[in-house]
1. Once you order the gyration tensor axes a ≥ b ≥ c over the Cα atoms, which shape class does region 45-125 get: rounded for a/c under 1.5, otherwise prolate or oblate by comparing a/b with b/c?
2. Tell me the accessible surface of Ile50 in square angstrom (1.4 angstrom probe, heavy atoms of protein chains only), to the nearest ten.
3. Using helices alone, what [θ] at 222 nm do you get for the chain, with -39,500 (n - 2.57) per DSSP H run of 4 or more residues, divided over all residues and rounded to the nearest 500?
4. Leaving ligands, DNA and RNA out of it, rank Lys30, Lys64 by accessible area with a 1.4 Å probe, largest first.
5. Quick one: how many lysine pairs does the chain have with C-alpha atoms less than 30 Å apart and a gap of 8 or more or different chains? Give me the count, please.
6. On the full set of protein chains, 1.4 Å probe, figure out the accessible area of Ile103 and give it in Å² to the nearest 10.
7. With every protein chain left in place, what is the accessible area of Phe20 in Å² (1.4 Å probe, nearest 10)?
8. Just reorder Trp125, Trp88, Trp24 by solvent-accessible area, largest first, 1.4 Å probe, all chains present.
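The values are calculated or read from the model by the stated rules, or taken from the named source; none is laboratory data. Just so we're clear, the structure is a prediction, and the values are computed from it rather than from any experiment. When the accessible area is computed, the model is the full protein with side chains, heavy atoms only, and any ligands, DNA or RNA have been set aside. Shrake-Rupley method; radii C 1.70, N 1.55, O 1.52, S 1.80 Å.
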Amino acid sequence: MDRNGSAGHPKVLFLILAVFSVSWAAILIKLCSAPPLVIAFYRMFIASVILFPFVFLKHFSALKQLLSEAPKLAILSGIFLGLHFAFWVTSLFYTSVSISVVIVATQPVFVALFSLIFLKEKATW
């Protein structure tokens, strides 16, 4: 039991399942014969369809607040997420899975660098 009085095992199992599933993405994408942008679209579309009921039922008020307070930020975030997946899936057709994943895994380095340049924030451990 965790401090909320519920068993934590299902959460751990879902986390393991999620990491396992995401870890296969690059390999499965590499095996696809569809164009990269089609793969990226369907990956996001299917995930959206699966997650929509959960977000709508549990976090509708937070989503509504975000869209009312910062609609431009929400749209811009969606555009950059779409660009991320478009470029990443396309990269799998031009290089190996290992190189592509290493480049994507450097994301925290770029966040720290751009935070320093644009926001004047220093990264902490």
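1. In terms of gyration-tensor shape, oblate.
2. Accessible area, nearest 10 Å²: 100 Å².
3. So the helix-based figure for the chain works out to -23500 deg cm²/dmol.
4. These residues rank, largest area first, as Lys64, Lys30.
5. Close lysine pairs found across the chain: 7.
6. Accessible area of Ile103: about 100 Å².
7. 120
8. These residues rank, largest area first, as Trp125, Trp24, Trp88.
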